[in-house]
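Asker: Below is a structure I'd like to ask you about.
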Amino acid sequence: MNDMEIKLEIPTAQVGKFSDIKLCYYDSSDKLRKVSLNIDFNNLYRFSEDTKSLSFDFFLIASTIYGIDNLITRYEYSINGWTRELKVTFPVRNVAKWNASAKILNDALTFLTGDSWDISFEKLNVRSIFKEKKKKKILYDKSNYQFISLFSGGLDSLVGAVDLLESLSSTKRLLLVSHFDSNSAGPNTDQRTLNSYLETIYKNKSDWIQAKVYLSHHDVDAEKIEIETSYRSRSILFIAIGSYLQNNVKNSNKLIIPENGTISLNYPMTPSRSSSLSTRTTHPYFFLKIQELFDQIGIKCKLENPYSLLTKGEIVANCKNLTNLKGIYESSVSCSKSGRKMNWDRKTGTRHCGVCIPCIYRRSGLHKSGLDQQLYGIDILNKVNPGHHDDVLALANYLTTPVSKEEVKRGLITNSSSTIENLDDYADLILLSREEVKKWIIDKGNKKIKNLFKIK
């Protein structure tokens, strides 16, 4: 395929709505397709009342990136089964500043999604990109937030919220920021359930703002659109939502992104998952590039992952109120394949497959604190499901193949396509996470599984 050029149509907004942005492109049959990018902006605007800042520009850019990433399927438009060549001009309020920072953003996107991006910027010429519907305002005290944290509905962000709530000064509050996509609506339920629990336990100590950005299932001619489900760009949108809100908080310039270091680094278990195929949504190098972008363009937001050097087991064990965490942790969802139940042994009572890498690290991490007690679609500690035989063999090969710290360091460099800071610490983290998974198998695996993993 040649470069896929995606153009934007941004009409004036209707009252109470964000502009009905259309992503326009020619498909593989050379037919012009126009697809709506839906942005539910009301909750964000009630807090920020801003459509002119650099942080709003970044939110609009990230929403567009997310839409394009969903729209252009890899199987149809990639040059090698994965990498797409994507060309887009982003409409922004502050063209000169964005043009000066184009290379940084381009490098960040290439690393994050594994695609070749060709980006440029033009003036956003629309009379009103959002028209507020007159209604009773929510009164936020923007000087009273001590922390702003992303809140995904996963276990790490839940621990992060508990830790921050436990750390608040007596008169301060926590602002939790969430995003969900109606094409994958599970996180909406997860976030609501967890937030409701936190509000009950920590009364009047937090506010929660949730945004929804998603691609329409049909184009303007009512023809069905296939959605690319690798979702590699979701973290840039999540960060953009958080930084947009943080820009309007008066006494805190930090955006906290809680994620255990093992998942952030996503050290590949097999050679086939190295380099661009490996998920990089919270990778330290990606954060470094976004921070560089913010610093150069003038967005006053400092990204911080307090768990970047901790395993899943360590963040759970070190939780500042393990009792409160125990009351709700089973409602958090870590699984990357929760909607694919075809080969699960148990299809009800759980939203975790039990086989994907996030599930493995979740179970072994919870086991460290004696909390590996909930149900999973497949329990790999008791039998190897035929539909996931290769996944279990890959895990066994990873854990039974001796690896030195120097080899891990080389693997981390290869996987990041660059040098990374704290390389020695990250290598130690990977080795520790391996031992955490091994300990879980030693303690709970049956004889057949232990033989597979060469454990006596």
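Asker: Kindly indicate whether any position in region 377-386 is closer than 18 Å to LYS444 by Cβ, β-branched (Val, Ile, Thr), surrounded by 17 or more Cβ atoms within 10 Å (Cβ to Cβ) and in contact (Cβ under 8 Å) with a residue 60 or more places away in the chain.
Answerer: Checked region 377-386: at least one residue is closer than 18 Å to LYS444 by Cβ, β-branched (Val, Ile, Thr), surrounded by 17 or more Cβ atoms within 10 Å (Cβ to Cβ) and in contact (Cβ under 8 Å) with a residue 60 or more places away in the chain.
Asker: While we're on this one: Exactly one condition in (1) exposed (fewer than 14 other Cβ atoms within 10 Å of the Cβ); (2) without any contact (Cβ under 8 Å) to a residue 24 or more places away in the chain; (3) closer than 21 Å to ASN266 by Cα; (4) not basic (Lys, Arg) is not met by ASP428; state its number.
Answerer: (1)
Asker: Looking at ASN183, ASN195, which is the one that is modelled with pLDDT under 95 and touching a strand residue (DSSP E or B) at 6+ places or on another chain (Cβ under 9 Å)?
Answerer: Result of the check over ASN183, ASN195: ASN183.
Asker: Take GLN246 and tell me if it is free of Cβ contacts under 8 Å to residues at least 40 places away in the same chain, within 26 Å of SER143 (Cβ to Cβ) and of a type in the set (S, T, N, Q).
Answerer: No; evaluated as a whole, the condition is false for this residue.
Asker: Scan the helices (runs of 4 or more DSSP H) fully inside region 382-456 and keep the ones with 1 or more residues being over 30 Å from LYS289 (Cα atoms).
Answerer: Per the criteria, 389-400, 423-444, 447-452.
Asker: I'd like the residue in region 355-372 that is free of Cβ contacts under 8 Å to residues at least 40 places away in the same chain and part of a loop (DSSP other than H, G, I, E, B) and, out of all such residues, is nearest to TYR267 (Cα to Cα).
Answerer: Among residues in region 355-372 that are free of Cβ contacts under 8 Å to residues at least 40 places away in the same chain and part of a loop (DSSP other than H, G, I, E, B), the one nearest to TYR267 (Cα to Cα) is CYS356.
Asker: With respect to ILE65, determine if the residue is modelled with pLDDT of 95 or more, hydrophobic (A, V, I, L, M, F, W, C) and under 16 Å from ILE290 (Cα atoms).
Answerer: Criteria met by ILE65.
Asker: Looking at VAL220, VAL213, can you tell me which residue is of a type in the set (Val, Ile, Thr) and over 18 Å from the mean Cα position of the chain (by Cα)?
Answerer: Result: VAL220 is the single residue among VAL220, VAL213 that is of a type in the set (Val, Ile, Thr) and over 18 Å from the mean Cα position of the chain (by Cα).
Asker: Name the residue, out of ARG74, ARG84, that is under 17 Å from ARG232 (Cα atoms), in contact with a helix residue (DSSP H, G or I) (Cβ under 8 Å, 6 or more places away or on another chain), crowded, with 16+ Cβ neighbours inside 10 Å and modelled with pLDDT of 95 or more.
Answerer: Being under 17 Å from ARG232 (Cα atoms), in contact with a helix residue (DSSP H, G or I) (Cβ under 8 Å, 6 or more places away or on another chain), crowded, with 16+ Cβ neighbours inside 10 Å and modelled with pLDDT of 95 or more holds for just one of ARG74, ARG84, which is ARG84.
Asker: Would it be correct to say that ARG127 is of a type in the set (D, E, K, R) and buried (at least 21 other Cβ atoms within 10 Å of the Cβ)?
Answerer: The answer is no for ARG127.
Asker: While we're here: Are any residues in region 77-99 under 30 Å from ASN415 (Cβ atoms) and either touching a Lys or Arg at 6+ places or on another chain (Cβ under 9 Å) or of a type in the set (A, V, I, L, M) (or both), and if so, which ones?
Answerer: TYR77, SER78, ILE79, GLY81, TRP82, THR83, ARG84, LEU86, VAL88
Asker: Additional query: Please find, among SER264, SER233, SER206, the residue that is of a type outside the set (Lys, Arg), crowded, with 21+ Cβ neighbours inside 10 Å and more than 18 Å from the chain's Cα centre (by Cα).
Answerer: Sole residue among the options that is of a type outside the set (Lys, Arg), crowded, with 21+ Cβ neighbours inside 10 Å and more than 18 Å from the chain's Cα centre (by Cα): SER206.
Asker: Provide a single number: the residues in region 88-120 that are hydrophobic (A, V, I, L, M, F, W, C) and either free of Cβ contacts under 8 Å to residues at least 24 places away in the same chain or not assigned by TED's automatic domain parsing to the domain that holds THR73 (or both).
Answerer: 2
Asker: Residues SER152, SER182: which one is of a type in the set (Ser, Thr, Tyr) and under 26 Å from GLN14 (Cβ atoms)?
Answerer: On inspection, the qualifying residue turns out to be SER182.
Asker: Something else now. Looking only at region 247-262, how many residues end up being touching a Ser or Thr at 6+ places or on another chain (Cβ under 7 Å) and either at pLDDT below 95 or among the polar types (S, T, N, Q) (or both)?
Answerer: 6
The values are calculated or read from the model by the stated rules, or taken from the named source; none is laboratory data. Note that the coordinates shown come from a computational prediction; the quantities given were computed from them, not determined experimentally. FYI the Cβ positions are ideal-geometry reconstructions off the backbone, even for glycines, and counts take in every protein chain you see.
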